[in-house]
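Novice: Below is one structure. I have some questions about it.
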Amino acid sequence: MGTILAITPAGHVIVRARDDDVVPEGTPVVEPRGRLHGRVVRVFGPVARPYLSVRPRRSLSPAEGIAAIGSTVRTE
């Protein structure tokens, strides 16, 4: 699905899609290691490679947020 670019102050995870094949809002998302469970709550940006805002099921600690940046997520 894409790569995690940032964690917002509100705790949402910003993902950059790999291509224009974007998942719809409400789609479940998981990190390959199974740690980051959440749902896509917003799709925005360019049509070719949009950004996805993912709301995790639980808040990430600062260490978890830093570790997640750069990792790849996929649909569940």
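The values are calculated or read from the model by the stated rules, or taken from the named source; none is laboratory data. Just so it is clear, the model here is predicted, and its values are computed rather than measured. Methodologically, a virtual Cβ is constructed for each residue, glycine included, from the backbone with ideal geometry; neighbour enumeration extends over all protein chains shown.
Novice: For the structure I just gave you, tell me whether Ala67 is over 15 Å from Ile4 (Cα atoms) and either free of Cβ contacts under 8 Å to residues at least 60 places away in the same chain or polar (S, T, N, Q) (or both).
Specialist: For Ala67, the condition - over 15 Å from Ile4 (Cα atoms) and either free of Cβ contacts under 8 Å to residues at least 60 places away in the same chain or polar (S, T, N, Q) (or both) - is not met.
Novice: Also, quick follow-up: Go through (1) hydrophobic (A, V, I, L, M, F, W, C); (2) assigned to a strand (DSSP E or B); (3) crowded, with 18+ Cβ neighbours inside 10 Å and name the single condition Val43 misses.
Specialist: Unmet for Val43, out of (1) hydrophobic (A, V, I, L, M, F, W, C); (2) assigned to a strand (DSSP E or B); (3) crowded, with 18+ Cβ neighbours inside 10 Å: (3).
Novice: Looking only at the stretch 20-40, filter to residues that are among the charged types (D, E, K, R) and touching a strand residue (DSSP E or B) at 6+ places or on another chain (Cβ under 9 Å); which one of those is surrounded by the fewest Cβ atoms within 10 Å (Cβ to Cβ)?
Specialist: Here the answer is Glu25.
Novice: Kindly indicate whether Arg74 is out of contact with any strand residue (DSSP E or B) (no Cβ under 6 Å at 6 or more places or on another chain), assigned to a strand (DSSP E or B) and at pLDDT 90 or above.
Specialist: So Arg74 passes the test.
Novice: Mind telling me which of the residues Gly38, Gly11, Gly2, Gly34 ends up being at pLDDT below 90 and closer than 17 Å to Ser71 by Cβ?
Specialist: So the residue among Gly38, Gly11, Gly2, Gly34 that is at pLDDT below 90 and closer than 17 Å to Ser71 by Cβ is Gly34.
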